[in-house]
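Peer 1: Okay, here's the structure, questions in a sec.
Each reported figure results from applying straightforward, stated rules to the coordinates on display, with no laboratory input. Just so we're clear, the structure is a prediction, and the values are computed from it rather than from any experiment. Methodologically, a virtual Cβ is constructed for each residue, glycine included, from the backbone with ideal geometry; neighbour enumeration extends over all protein chains shown.
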Amino acid sequence: MIGRIIGGLIGAAVGFVMVWKSNFFAETFGSISSWADTHLGGMRVVYKILGCIIIFISFLVITNLHVLFFKSVFGSLFGVPSDATGT
């Protein structure tokens, strides 16, 4: 349990840094794809979106809701029934 919380906090911190310092990531790693540059408004926006996704997943891990969330969202793709218990 404590490992899940510490790992989630580290993930949330990484996501926060990606949102906060998106200019640094854009300058360091450059353009990942030209499609993202044209359709999403540039790489800074892409790094901010990735950071927000990492923060969201990290909070799901901290609260132990990641299994239930991914099973309910992606379970139908793999034939896994979703239920309210998350088991």
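Peer 1: Please build a GNM for the chain, connecting alpha carbons under 10 Å apart, and tell me which residue among ILE62, ILE54, ILE32 fluctuates the most.
Peer 2: Per the Cα network of the chain with a 10 Å cutoff, ILE32 tops the list.
Peer 1: How big is the range 2-78 on each of its three principal axes, counting only the C-alpha atoms and giving the largest first in Å?
Peer 2: Principal-axis extents of the Cα atoms in the range 2-78, largest first: 35, 31, 14 Å.
Peer 1: I need PHE25, PHE56 ordered by Cβ neighbour count within 10 Å, fewest first.
Peer 2: Arranged by neighbour count, lowest to highest, PHE25, PHE56 become PHE56, PHE25.
Peer 1: Quickly rank 8-17, 68-77 as a protection proxy: mean count of other C-beta atoms within 10 Å, highest first.
Peer 2: 8-17, 68-77
Peer 1: Can you compute the helix-only [θ] at 222 nm over the chain? Use -39500 (n - 2.57) per DSSP H run of at least 4 residues, normalise by all residues, nearest 500 deg cm²/dmol.
Peer 2: -24000 deg cm²/dmol, from helical runs alone.
Peer 1: Run the quick spin-label model on THR63 and ARG4: label points 7 Å from Cα toward the beta carbon, then report their separation in nm to one decimal.
Peer 2: 1.3
Peer 1: Please identify every one of the trypsin sites (Lys or Arg not before Pro) in the range 1-57 that sits in a loop by DSSP and has no more than 15 other beta carbons within 10 Å of its own beta carbon.
Peer 2: Answer by residue number: LYS21.
Peer 1: Identify which of SER34, SER58, SER22 has the largest mean-square fluctuation in a Gaussian network model of the chain, with springs joining Cα atoms closer than 10 Å.
Peer 2: Between SER34, SER58, SER22, it is SER34 that shows the largest mean-square fluctuation.
Peer 1: Moving on. Neighbouring Cβ atoms within 10 Å as the yardstick, rank HIS66, HIS39 fewest first.
Peer 2: HIS39, HIS66
Peer 1: Over the chain, what is the relative contact order in percent, taking alpha-carbon pairs closer than 8 angstrom and at least six residues apart?
Peer 2: Here the relative contact order equals 33 percent.
Peer 1: Could you work out how much longer the chain between THR28 and PHE78 gets when fully extended? Use 0.36 nm per residue separation minus the Cα distance between them, nm to one decimal.
Peer 2: 14.3 nm
Peer 1: Could you list PHE24, PHE29 in order of exposure, starting from the residue whose Cβ has the fewest other Cβ atoms within 10 Å?
Peer 2: PHE29, PHE24
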